[in-house]
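Enquirer: Have a look at the structure that comes next, please.
The values are calculated or read from the model by the stated rules, or taken from the named source; none is laboratory data. Model, not experiment: these values are computed from the prediction. Please note: Cβ atoms are built from the backbone with ideal geometry, for glycine as well, and neighbour counts cover all protein chains shown. Surface accessibility is based on the protein's heavy atoms, side chains included, excluding ligands, DNA and RNA. Shrake-Rupley method; radii C 1.70, N 1.55, O 1.52, S 1.80 Å.
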Amino acid sequence: AGDIDDFFVSFLKGEQTVFESNKKVSRREIQRMRVEIWTAWREAVNENEEFKLAKMDKDTVVSAGKWKLPPELENNAVMNFTLFNKGKKPLTGYPLFLYLHGSGPKEKEYARGLELTKGFNDAPSVYFVPQIPNEGGYYRWWQRAKIYAWERLLRLAMVSGDYNPDKIYIVGISEGAYGTQRLTSYFADYLAGGGAMAGGEPLKNAPAVNCANTAFSLITGSYDAGFYRNTLTGYTAEAFDELAQGKDSMYMHRIELIPGKGHSIDYSTTTPWLSQFTRDPYPKYVSWENFPVDGCYRKGFHNLYVNEPSHVTKDGRTYYEEKIVGDTIILNVDTVAYETIQKDSIWGIDMKFKRNLAPAQHGNITIFLNRSLVNLSRPITVILNGNVVHHGKVPESLASMVNSCAYYGDPRRIYTAQVDVKW
């Protein structure tokens with residue numbers, strides 16, 4: 001236990017990245033050890049994480065706070081926020097909504113956001129409503145200092161005990177819609193859904209393929225032609241419609257151009273639609289384009305964890321598609337290259353793309369497993385890009401449980417076993 005405690009503290013400080021242990025775990029030990037490991041992680045986060053969230057321990061809680069973001073990521077960046085609940089806490093925990101406001105004067109947009117979110121018909125729920133730290137040209141919700149904040153928000157929400165880890169959502173309006181679309185694709189494995197309102201990103205910035213198992217809503221006025229929002233919303237609808245074909249409704253989406261409306265639309269329909277969806281923490285189909293957001297990459301996504309990326313360029317991308325059929329894991333890994341096939345002549349916006357895949361020539365990944373994904377009492381087969389790279393029993397181990405807990409900080413993703421694949 002002491003070794004695990006020390007590792008978690010060291011991991012949070014960025015000093016140690018791998019917990020090593022040869023201890024195997026029997027099936028009858030797993031639930032007890034899962035509870036003990038999660039308790040140790042929760043205590044390490046609560047004692048060592050500088051950011052804090054108020055407890056949602058009453059039927060009415062309104063808490064204002066501020067997080068000072070790391071100066072090496074952004075100078076003079078203090079994120080003010082309000083955390084508030086609506087309705088009585090469910091036994092499974094509150095649904096949590098992160099709301100991102102638009103790009104007007106930040107005090108005005110922040111106040112407007114609080115007014116809007118309090119009126120949305122989605123109780124019981126909790127809202128984290130931040131005020132963007134600074135203003136200026138090309139200043140965005142998805143830049144690296146804000147990515148740091150969202151990672152901490154997810155970590156704190158998971159350990160708090162106040163929230164349902166399978167009902168976390170991101171929503172936003174205008175500039176917040178752009179942030180929502182990118183962040184939904186980036187953090188899709190943590191989310192039950194994302195809802196962008198009056199936005200429309202080029203798909204290269206928010207790959208739709210990542211939203212298998214994650215509900216996505218995008219509503220835009222049909223006359224909202226600023227930065228081609230209506231056109232790009234249409235392209236996003238086409239992409240999701242195509243992905244949904246033959247995928248057993250994995251790509252749950254509602255993407256609409258609202259007739260006769262410009263940039264101002266009815267924002268009240270998004271969160272009630274999203275609220276009906278709950279995350280599946282153990283999908284047997286995973287689609288992940290690991291793409292950079294302001295230079296930041298995810299290390300893991302669902303049950304996949306990257307030890308060595310397959311792309312070689314600074315801003316390169318790798319696409320992982322995993323299908324689990326019985327006790328066989330079929331994994332295809334490709335490098336991704338985008339070819340612009342439509343660019344606007346005014347702003348220079350890349351509008352439409354051809355997405356080219358090529359089998360990855362090298363890489364190193366961990367496939368985390370549990371008994372919800374495969375039958376670990378039987379031999380497991382892993383097929384990588386058409387070749388069998390593993391066949392045999394996979395032991396359940398303490399190292400898999402501790403490392404996956406630290407990597408994801410998610411009570412649903414304390415995996416008991418793993419297959420490491422290097423090529």
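Enquirer: When you scan the stretch 171-183, do you find a residue that is open to solvent by 10 Å² or more (accessible area, probe 1.4 Å), of a type in the set (Val, Ile, Thr), touching a Gly at 6+ places or on another chain (Cβ under 6 Å) and at pLDDT 95 or above, even just one?
Expert: Looking for residues that are open to solvent by 10 Å² or more (accessible area, probe 1.4 Å), of a type in the set (Val, Ile, Thr), touching a Gly at 6+ places or on another chain (Cβ under 6 Å) and at pLDDT 95 or above, one finds at least one in the stretch 171-183, hence yes.
Enquirer: Given the residues LEU53, LEU69, which is the only one that is touching a strand residue (DSSP E or B) at 6+ places or on another chain (Cβ under 8 Å) and open to solvent by less than 20 Å² (accessible area, probe 1.4 Å)?
Expert: LEU69
Enquirer: Next question, about the same structure. Just one of GLY195, GLY176, GLY226 is touching a Ser or Thr at 6+ places or on another chain (Cβ under 6 Å) and of a type outside the set (Val, Ile, Thr); which is it? Break it down stepwise before answering.
Expert: On the way: GLY176 fails: touching a Ser or Thr at 6+ places or on another chain (Cβ under 6 Å); GLY226 fails: touching a Ser or Thr at 6+ places or on another chain (Cβ under 6 Å).
Exactly one residue qualifies, and that residue is GLY195.
Listed here are the residues, each with its yes/no results for (1) modelled with pLDDT of 95 or more; (2) surrounded by fewer than 16 Cβ atoms within 10 Å (Cβ to Cβ); (3) in a loop (DSSP other than H, G, I, E, B).
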site: LEU83; (1), (2), (3): yes, no, no
site: THR92; (1), (2), (3): yes, yes, yes
site: TYR99; (1), (2), (3): yes, no, no
site: GLY102; (1), (2), (3): yes, no, yes
site: LYS118; (1), (2), (3): yes, yes, no
site: ASN121; (1), (2), (3): yes, yes, yes
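Enquirer: Between a first residue in the stretch 361-385 that is closer than 12 Å to VAL421 by Cα and a second residue that is surrounded by 21 or more Cβ atoms within 10 Å (Cβ to Cβ) and among the charged types (D, E, K, R), which pairs have beta carbons less than 8 Å apart while being 6 or more apart in sequence or on different chains?
Expert: Matching pairs, first to second residue: ILE367/GLU322; PHE368/ARG413.
Enquirer: Shifting gears a bit: Please tell me if ILE265 is farther than 26 Å from PRO165 by Cβ, in contact (Cβ under 8 Å) with a residue 40 or more places away in the chain, open to solvent by less than 20 Å² (accessible area, probe 1.4 Å) and in a loop (DSSP other than H, G, I, E, B).
Expert: yes
Enquirer: To continue, here is another question. Are any residues in the stretch 1-33 in a helix (DSSP H, G or I), closer than 25 Å to PHE51 by Cα and open to solvent by less than 100 Å² (accessible area, probe 1.4 Å), and if so, which ones?
Expert: The answer is GLY2, ILE4, ASP5, PHE7, PHE8, VAL9, SER10, PHE11, LEU12.
Enquirer: How about the stretch 207-241: which of its residues are among the polar types (S, T, N, Q) and more than 23 Å from THR318 (Cα to Cα)? Walk me through it before giving the result.
Expert: Narrowing the stretch 207-241 to residues among the polar types (S, T, N, Q): 210, 213-214, 217, 220, 222, 230-231, 233, 236.
Passing the criteria: SER217, THR220, SER222, ASN230, THR231, THR233.
Enquirer: Return the pair list, or none, for Cβ contacts closer than 8 Å from residues in the stretch 1-14 that are among the β-branched types (Val, Ile, Thr) to residues that are surrounded by fewer than 14 Cβ atoms within 10 Å (Cβ to Cβ) and part of a helix (DSSP H, G or I), at least 6 apart or on different chains.
Expert: Correct list of pairs: VAL9/GLU47; VAL9/ASN48.
Enquirer: State which residue pairs qualify: first residue within 20 Å of ALA225 (Cα to Cα) and inside the stretch 348-359, second residue assigned to a loop (DSSP other than H, G, I, E, B) and of a type in the set (Ser, Thr, Tyr) in any location, beta carbons under 7 Å apart, and separation of 6 or more residues or different chains.
Expert: Every condition considered, no pair remains.
Enquirer: Of all the strands (runs of 3 or more DSSP E) wholly in the stretch 300-358, which have at least 2 residues that are more than 17 Å from TRP423 (Cβ to Cβ) and at pLDDT 95 or above? Break it down into steps so the answer makes sense when it comes.
Expert: Details: elements: 304-308, 317-325, 328-343.
Output list reads 317-325, 328-343.
Enquirer: Okay, next question. On the basis of being open to solvent by 40 Å² or more (accessible area, probe 1.4 Å) and of a type outside the set (Lys, Arg), does VAL62 make the cut?
Expert: Working: open to solvent by 40 Å² or more (accessible area, probe 1.4 Å): yes; of a type outside the set (Lys, Arg): yes.
Criteria met by VAL62.
Enquirer: What do you reckon, is ALA399 hydrophobic (A, V, I, L, M, F, W, C), open to solvent by 10 Å² or more (accessible area, probe 1.4 Å), out of contact with any Leu (no Cβ under 8 Å at 6 or more places or on another chain) and under 22 Å from VAL312 (Cβ atoms)?
Expert: no
Enquirer: Sticking with this one: Do the conditions hold for PHE120, that is, is it of a type outside the set (Lys, Arg) and in contact with a helix residue (DSSP H, G or I) (Cβ under 6 Å, 6 or more places away or on another chain)?
Expert: Spelling it out, PHE120 is indeed of a type outside the set (Lys, Arg) and in contact with a helix residue (DSSP H, G or I) (Cβ under 6 Å, 6 or more places away or on another chain).
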